[in-house]
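Read the structure below first, then the notes.
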Amino acid sequence: MSQVIVDDVQTDELPQTTHGADAKGRRLTRTIVVVGFVLIAALFFLLLFSAPVEDPVRIALGPVSLNTFFMWLGNLHPLLQIPVVLAVFGAVVAVLLVLIEYAPRPGRGYFIMRLVACLVIPLLAFMMLRPYANAVFYVVAIALLSGALLFFADYRSRQGAGYLFQLILFMAPASIMLLLGLIYPAIATFVKSFFDKTGTDFVGLDNYVWVFTNAEGTWSVINTLIWALLAPTISVAFGLAYAVFIDKARGEKVLKVLVFMPVAISFVGAGIIWKFMYDYRQGDQLGLMNAIVTMFGGDPVNWLAVKPLINTFMLLIVFIWTQTGFAMVILSAAIKAVPVEQIEAAELDGTNAWQRFTNVTVPGIRSSLIVVLTTITIMSLKVYDIVAVMTGGRDDTTVLGFEMVNQQQRFQSYGHSSALAVVLFLFVLPLIIYNARSLTKQREIR
């Protein structure tokens, strides 16, 4: 927060307002802010559902808009695009830093600076998106109302005028990226899951019924659950075993590097490697698995086509192979952080190695175990590359992540794809909530 000088005394805090100590004034501020947000929401509603206009015309702020900027940028030489982007980014950051530093200061000039920034910045941002001609009124009204609401709330802030203004400027870049890259796509996906494949006709819950009744949708759900249950459990079990047995062993660093190497391989690369391992053909065998089978007189097996579930387990092996090293590194570091005094005390009490491991080591690395388990579980829920490279979802090996893309790219069915995405999000949501609660508890303990 900017430092200000009041009565020749330097302070790190902005001057308090009378509103800060006035309960009635705070109630009035809250009421006006709530009413303002309701009006903004109503304007957004009218903007989205206003009557369409035939052959609508977009309004640009002169020759300047985000669309024209990116078109101009795309026509430049690739070597010129980088400095131009850096220059524009630097200019935006410079403006924000100037406003963060100077606008929150007390004084009439800084008051006017905050007022102009609150009204002009939202208006420019909305107009650079080139709204339709019939939507300009709503866009201007939303921009001005948003800016006026921010200025009013900032002016009557308990911490002093300029506090909320500075806070919003700090949060605005990240919030905008989060809104455009996560929140808006999530809402749009949820809405599209109730429409047909073209996204025009409302079909209710038909897409979700398809997910749990159609063969592709059903197998994607079943396989995703199998991946989420087995992949993290087996990966962490092997990783923990490696961490315990390799710890303080001769050649520990070399052994850890060998176990960790698959982590550096992409899922696509790992899929290609293991596809050679499972290679199936008549005659000479290239795949290690079938070479072993034929060596003992058996017939070669098409491992990636054996149904049900055998081929899914073959794919799981690839994922576990890539994640065991990750689990081993994290858990090995956690084991080394367990106090030696606790292990020595347990040893003096006459406990054996297994009892020391279960009663001292495991409780000591509990938080690391949870982090590794939830991280690998989320990665297993999102898996796409391994399935796409090795089987292409054939022979009942599809998962939610792959089928979601497959329905959109191959069949152009946006409704089914959106429904699969929502189901996948519901699978991931409990893990996100659990992690958030765990972090909150750790902060409370600290």
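The values are calculated or read from the model by the stated rules, or taken from the named source; none is laboratory data. As the structure is a prediction and not an experimental result, all values here were calculated from the model. Heads up, the Cβs are rebuilt from the backbone with ideal geometry, glycines too, and the neighbour counts pull from every protein chain shown. All accessible areas refer to the heavy atoms of the entire protein, side chains included, with ligands and DNA or RNA removed. Shrake-Rupley method; radii C 1.70, N 1.55, O 1.52, S 1.80 Å.
Considering the range 68-186, the qualifying helices (runs of 4 or more DSSP H), each wholly inside and each with 3 or more residues that are exposed (fewer than 13 other Cβ atoms within 10 Å of the Cβ), run over 78-102, 108-127, 163-178.
For (1) in contact with a Cys (Cβ under 6 Å, 6 or more places away or on another chain); (2) closer than 19 Å to LEU431 by Cα; (3) buried (at least 16 other Cβ atoms within 10 Å of the Cβ), each residue gets a yes or a no:
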| site | (1), (2), (3) |
| --- | --- |
| ALA334 | no, no, yes |
| VAL360 | no, no, yes |
| ARG366 | no, yes, no |
| LEU373 | no, yes, yes |
| ILE378 | no, yes, yes |
| ASP385 | no, no, yes |
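When residues in the range 338-355 are screened for being under 14 Å from LYS248 (Cβ atoms) and either open to solvent by 60 Å² or more (accessible area, probe 1.4 Å) or assigned to a helix (DSSP H, G or I) (or both), 3 of them pass. Scanning the range 22-43 turns up at least one residue that is assigned to a loop (DSSP other than H, G, I, E, B), modelled with pLDDT under 85 and more than 23 Å from PRO122 (Cα to Cα).
Scanning the range 95-113 for residues that are touching a residue at least 40 places away in the same chain (Cβ under 8 Å) and not hydroxyl-bearing (Ser, Thr, Tyr) yields a total of 9. Summed over the range 196-224, the residues that are surrounded by 14 or more Cβ atoms within 10 Å (Cβ to Cβ), in a loop (DSSP other than H, G, I, E, B) and of a type in the set (D, E, K, R) give a count of 2. Checked against the criterion of being surrounded by fewer than 22 Cβ atoms within 10 Å (Cβ to Cβ), within 18 Å of ASN207 (Cβ to Cβ), in contact (Cβ under 8 Å) with a residue 60 or more places away in the chain and of a type in the set (A, V, I, L, M), the candidates VAL389, VAL422, VAL405 yield just one match: VAL422.
Restricted to the range 29-45, and to residues there that are touching a residue at least 40 places away in the same chain (Cβ under 8 Å) and open to solvent by 80 Å² or more (accessible area, probe 1.4 Å), the residue that is farthest from LEU86 (Cα to Cα) is LEU39.
Being touching a strand residue (DSSP E or B) at 6+ places or on another chain (Cβ under 8 Å) and at pLDDT below 85 is a property that holds for ARG130. Taking first residues from the range 227-239 that are within 23 Å of LEU258 (Cα to Cα) and partners that are open to solvent by 60 Å² or more (accessible area, probe 1.4 Å), the Cβ contacts under 6 Å between residues at least 6 apart in sequence or on separate chains come to PRO232/LEU373; VAL236/LEU373.
Of all residue pairs spaced 6 or more apart or on separate chains, those with beta-carbon atoms under 8 Å, a first member in the range 128-143 that is among the hydrophobic types (A, V, I, L, M, F, W, C) and a second member that is in a strand (DSSP E or B) are MET128/LEU61; MET128/VAL64; ALA133/ARG58.
For TYR414, the test of being surrounded by 16 or more Cβ atoms within 10 Å (Cβ to Cβ) and in contact with a strand residue (DSSP E or B) (Cβ under 8 Å, 6 or more places away or on another chain) is passed.
Annotation: of all residues in the range 261-274 being buried (at least 16 other Cβ atoms within 10 Å of the Cβ) and of a type outside the set (A, V, I, L, M), the one that is nearest to LEU381 (Cα to Cα) is PHE267. Would you be able to say whether some residue in the range 108-123 is in contact with a helix residue (DSSP H, G or I) (Cβ under 9 Å, 6 or more places away or on another chain), modelled with pLDDT of 85 or more and β-branched (Val, Ile, Thr)? Yes, some residue in the range 108-123 is in contact with a helix residue (DSSP H, G or I) (Cβ under 9 Å, 6 or more places away or on another chain), modelled with pLDDT of 85 or more and β-branched (Val, Ile, Thr).
One line per residue, one yes/no per condition, for (1) touching a helix residue (DSSP H, G or I) at 6+ places or on another chain (Cβ under 8 Å); (2) open to solvent by 10 Å² or more (accessible area, probe 1.4 Å); (3) within 22 Å of ASP395 (Cα to Cα):
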position: PHE194; (1), (2), (3): yes, yes, no
position: ILE226; (1), (2), (3): yes, yes, yes
position: LEU230; (1), (2), (3): yes, yes, yes
position: SER235; (1), (2), (3): yes, no, no
position: ALA243; (1), (2), (3): yes, no, no
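Residue count for the range 275-286 under the criterion of being open to solvent by less than 50 Å² (accessible area, probe 1.4 Å) and either on the phi > 0 side of the Ramachandran plot or free of Cβ contacts under 8 Å to residues at least 12 places away in the same chain (or both): the result is 1. Is it the case that TYR278 is of a type in the set (Ser, Thr, Tyr) and touching a Leu at 6+ places or on another chain (Cβ under 6 Å)? For TYR278, the condition - of a type in the set (Ser, Thr, Tyr) and touching a Leu at 6+ places or on another chain (Cβ under 6 Å) - is met.
Do we have PRO63 as in contact with a strand residue (DSSP E or B) (Cβ under 7 Å, 6 or more places away or on another chain), open to solvent by 60 Å² or more (accessible area, probe 1.4 Å) and either without any contact (Cβ under 8 Å) to a residue 12 or more places away in the chain or closer than 30 Å to GLY162 by Cβ (or both) here? Criteria not met by PRO63. From the list ASN302, ASN311, the lone residue that is at pLDDT 85 or above and surrounded by fewer than 18 Cβ atoms within 10 Å (Cβ to Cβ) is ASN302.
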